[in-house]
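Chemist: Mind looking over this structure? Questions follow.
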Amino acid sequence: MSDGGEQGGERGGAREAGHEGRSLRETVTVVVLSITAVLTAWSGFEASKWGGEMSIAFSRASSQRIEASTERTRAEAARAIDLQVFSLWLEAYATDDTELEDFARERFTPHFEPAFEEWLASRPLQNPDAALSPFALDTYVPPGEVEAADADARADEYFDQALRNNQRGDDYTLVTVLFALVLFFGAFAGRFRSERASWGMVGAGGVLFVVGIGLLLSFPKII
């Protein structure tokens, strides 16, 4: 009788220990899954926000490209006018028509005249190192050229920013997938008869949980 009682007590203790183990595992699982659910929602929110920032940056880059194109067209139009007047001056100079030469010089634009004076001072007919025309000098800057370059630079900056924002959104999507795997492991942890297998699922989910939190803390955030 005493041996039977001792064996019954041992079995009861084992059942009690097993019950306590399951209770602990279930508590850990519930806590991890609860936190994971919140972090999954947060990761999805951040991915969505960074996707929105990416779209805004791409839109701004496109707008700056349009502005650059407009300014470049203005610069080309100004260059065409200057070229026509300069051609008229060359014709007058070649034919010794001083009246036409003066007429053409009076119509030089403010942005062309400094380049013309510099080119003329270099004695292009006698100096082989002189620029081929005033248009080849750095002094000649038609209106719209600087503005076009600035707009292109801003467009490049916005485009790079959009790519960075896209990568950040992808990073948060990856974290969301990791947390989804944590939820998967946690949900199936209680489906096994073996307590060891159940704890294995909880452990695997816990590792992914810690990795996900580490990544989440390292990423920039939009609040």
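Every number in this text was worked out from the coordinates using simple rules, so none of it is lab data. Everything numeric here is computed off the predicted structure, so don't read it as measured data. Don't worry about glycine lacking a Cβ; one is built from the backbone with ideal geometry, like all the others, and counts go over all protein chains shown.
Chemist: If a helix is a whole DSSP H run, which ones in the chain reach 20 Å or further along their own axis (Cα) and hold a mean Kyte-Doolittle hydropathy of at least 0.5?
Modeler: Qualifying helices: 195-218.
Chemist: Ok, one more. ALA80 versus ALA136, label points 7 Å from Cα toward the beta carbon: distance in nm?
Modeler: Distance between the two pseudo-spin positions: 2.4 nm.
Chemist: Here's a follow-up. So if I place +1 on the C-beta of Lys and Arg and -1 on the C-beta of Asp and Glu, and nothing else carries charge, what would the dipole magnitude of region 27-218 be about its Cα centre? I want it in debye, nearest 20.
Modeler: So the dipole magnitude of region 27-218 works out to roughly 2480 debye.
Chemist: Only sites in a loop by DSSP and with at most 12 other Cβ atoms within 10 Å count here; which trypsin sites (Lys or Arg not before Pro) in region 152-223 make the cut? List each step's numbers first, then the result.
Modeler: Working: sites: ARG154, ARG164, ARG168, ARG191, ARG193, ARG196, LYS221; in loops: ARG193, LYS221.
When the trypsin sites (Lys or Arg not before Pro) of region 152-223 are filtered for loop state and at most 12 Cβ neighbours within 10 Å, ARG193 remain.
Chemist: Let me ask something additional. Determine by what factor the alpha-carbon radius of gyration of the chain differs from 2.2 N^0.38 Å, reporting the quotient.
Modeler: Ratio of Cα Rg to 2.2 N^0.38 Å: 2.22.
Chemist: Send over the semi-axes of region 30-75's equivalent ellipsoid, whole angstrom and largest first, taken as the square roots of 5 times the C-alpha gyration tensor eigenvalues.
Modeler: 44, 4, 4
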